[in-house]
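S.K.: What follows is a single structure, and I will ask about it in a moment.
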Amino acid sequence: SSPAPDKTTLVFDLGGGTFDITLMSIEADGGVRMLATDGDDRLGGKDWDDRLITHVAAEFEKAHGKNPLEDLTAYQDLAGKCEEAKIALSRKERVRIAASHGGLFHAVEVTRGAFEEMTADLVARLEAKVGIVLEDAGVAWREVGLVLLVGGATRMPMVRRMLERVARGVEVAEAASPDEAVALGAAIQAELLAARRDGTEPAPIGGREGKDLAGIELGHVNAHSLGVVARVRGEFANCVLIPRNTPIPCAKRGRFQTIHDNQTRIEVIVLEGEESDPESCATIGTCVISGLPARPRGSPVTIEYSYDGRGRIHVRALDLESGREATTTIERPAGLTQAGVDAAEERLAGTLVS
């Protein structure tokens, strides 16, 4: 059943360089359960700065025939001024941004309306992610009790207006300290983990008179899907075993088959990502069964992925006919070097078929 409206919060975190959004349920017993999460690690306040930088530089070039972005010193000076202008436009209707380059000077007036128009597509990207998180969680706006704004970039009026429009009457509120909320959350998580490790009661955050954390339990979901490389209708694909936003701990199993006659080795390539193309996902680990008896292609293989309570990924591959199996544990995905990408591409030629 859906959580009660007054216990469901959408945390909207737009910082300087990244965007994260999480829908969570705050339980009556103090537990905090994540329902869905998403984000964009290439979208943040800096993107709004860049639009102002590009606009002012273009106006400067129209006036003087030179582009200040071609000079590092001029660029850094303009970038600082544009960041200040972005902040000022959250409380003022217009600002003047002065650019200088090669002994030349040009001032550009930017209104809040013009700034919002030149960044409308960025706001649309934020709005799209909000819809994705609600859809993934299966939650309607009428079931959300609060939208909580975190991160300095949420102070831009265009961001709040967008949320008030799509939230359809749900309260949109700023965190007590938007710039420090993530650090506070990290401190709470660290104290809970330390108390669990030591078997003690967590200390209140903020000293003796601070918030009591003893009753808080955190329930997580996986932020990205986990899949395996397999051949589907003649093409290699990412076959997802654990979809994103699945509550953890969890375990999922899939049945596959070998793709070659006399195949004596099976390599399971563990992928993280939502794309069907394996090369568009991150390879985060492998699991190999070797020494198999030579048999016709189509021999059955079971693959099981599981998350434990600490977020570690466990992989188990079992050849059903011989009983041989292999297991591995992946502590945390750390991305791939180019050498890792090249090696993963080479391995695509001999894995599994679904």
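The values are calculated or read from the model by the stated rules, or taken from the named source; none is laboratory data. Just so you know, these numbers come straight off a predicted model, no measurement behind them. So basically every Cβ, Gly included, is an ideal-geometry build from the backbone, and we count neighbours across all protein chains shown. Note: areas computed on protein heavy atoms with side chains; ligands, DNA, RNA excluded. Shrake-Rupley method; radii C 1.70, N 1.55, O 1.52, S 1.80 Å.
S.K.: In nm, to one decimal, how far is the Thr54 label point from the Ala140 one, both placed 7 Å along Cα→Cβ?
M.R.: With each label point 7 Å from Cα toward Cβ, the separation is 3.9 nm.
S.K.: Using a probe of 1.4 angstrom, how much of the accessible area of the stretch 100-191 is carbon and sulfur, in percent?
M.R.: That fraction is 53 percent.
S.K.: If you roll a 1.4 Å probe over the stretch 278-321 with all protein chains in place, what percent of the accessible area is carbon or sulfur?
M.R.: About 43 percent, which is the carbon plus sulfur part of the accessible surface.
S.K.: What does a probe at Arg324 reach in the stretch 240-275, counting residues whose amide N is under 15 Å from the point 7 Å along Cα→Cβ?
M.R.: Zone members listed by number: 258-268.
S.K.: I've got another one for you. Provide the solvent-accessible area of Lys92, counting protein heavy atoms only and rolling a 1.4 Å probe, rounded to the nearest 10 Å².
M.R.: Here the accessible area works out near 100 Å².
S.K.: Follow-up question, since we're still on this one. Let me check I've understood the local charge: for Ala251, count other residues with C-beta under 13 angstrom from its C-beta, Lys and Arg +1, Asp and Glu -1. What total comes out?
M.R.: Around Ala251, the surrounding residues sum to +2.
S.K.: List, in order, the whole-Hz ³J(HN,Hα) value for each residue of the stretch 44-52 obtained from phi through the Karplus relation with A = 6.51, B = -1.76, C = 1.60 and θ = phi - 60°; use x for Gly and Pro.
M.R.: x, x, 4, 5, 5, 4, 4, 5, 5
S.K.: Classify the stretch 251-320 as rounded, prolate or oblate from the Cα gyration tensor: take a ≥ b ≥ c as the square roots of its eigenvalues, call it rounded if a/c is under 1.5, otherwise prolate when a/b beats b/c and oblate if not.
M.R.: Here the stretch 251-320 falls in the prolate category.
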